[in-house]
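Down below is the structure, laid out as structure tokens.
The values are calculated or read from the model by the stated rules, or taken from the named source; none is laboratory data. All values derive from a computational prediction rather than experimental measurement. Because the Cβ atoms are built from the backbone with ideal geometry, glycine has one as well, and the counts that use them run over all protein chains shown.
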């Protein structure tokens, strides 16, 4: 595999109370010449226990949060959760997709893979507990990045976004918990259900929560649910 070189620029402490979420600009110096901004969170106890290795959550935002303003990424999902929870028990990585891309573009999948590998190299990461979740465009990105590198992840939780059913055979060893609003008119429930059916047909492990009265925003209730994080922590890809 190609080794990607990284330069970290502009590491700024965010105004998140006592939390340790930071803004980081990461230049990926490879043939694609893609630069990613991202939010990075270390648990409060990370600095206290020098031996412990930590689980990681990669969070992929939706279409409306693309660009170069990381304040947008804080609006929903994991960055919103950690802004008020110093005890969030994961390292959280929340990149921002450039406006001209979507997460499932090949260049972005390579960039996300490179970012995760850099985090694994530089921090005390439990490599058996790396998780990914995303909403809307990020839900689609969750399916795409797990198909791109299924070996990296222990579990995935796509929210209101479908994937490519042709990739289901690559995902059979990875547990999924899929969330969807039944009244969603942006990404219809059928998008998620096609992937669920494809996974089941290949013998994959998939759990499905359909919210009967919700429209597109099925992520707020999902990320506020402690059971999601308990489910993540119950999974690992140790062999």
> So residue 196 clears everything in (1) in contact with a strand residue (DSSP E or B) (Cβ under 9 Å, 6 or more places away or on another chain); (2) in contact (Cβ under 8 Å) with a residue 24 or more places away in the chain; (3) closer than 14 Å to residue 163 by Cβ except one condition, right? Which one?
Replying inline: (2)
>> What are the pairs with Cβ atoms under 7 angstrom where one residue, in the stretch 210-234, is without any contact (Cβ under 8 Å) to a residue 60 or more places away in the chain and the other, located anywhere, is surrounded by 18 or more Cβ atoms within 10 Å (Cβ to Cβ) and part of a helix (DSSP H, G or I)? Sequence gap at least six, or different chains.
In response: 210/189
> Among (1) out of contact with any helix residue (DSSP H, G or I) (no Cβ under 7 Å at 6 or more places or on another chain); (2) surrounded by fewer than 22 Cβ atoms within 10 Å (Cβ to Cβ), where does residue 146 come up short?
Replying inline: (2)
> Would the stretch 120-134 turn up any residue that is part of a helix (DSSP H, G or I), touching a helix residue (DSSP H, G or I) at 6+ places or on another chain (Cβ under 8 Å) and crowded, with 22+ Cβ neighbours inside 10 Å?
Replying inline: no
> Any residue in the stretch 203-215 that is modelled with pLDDT of 95 or more and closer than 20 Å to residue 79 by Cα?
Replying inline: no
>> For the stretch 180-201: of the residues being closer than 26 Å to residue 238 by Cβ and within 21 Å of the chain's Cα centre (by Cα), which is surrounded by the most Cβ atoms within 10 Å (Cβ to Cβ)?
In response: 195
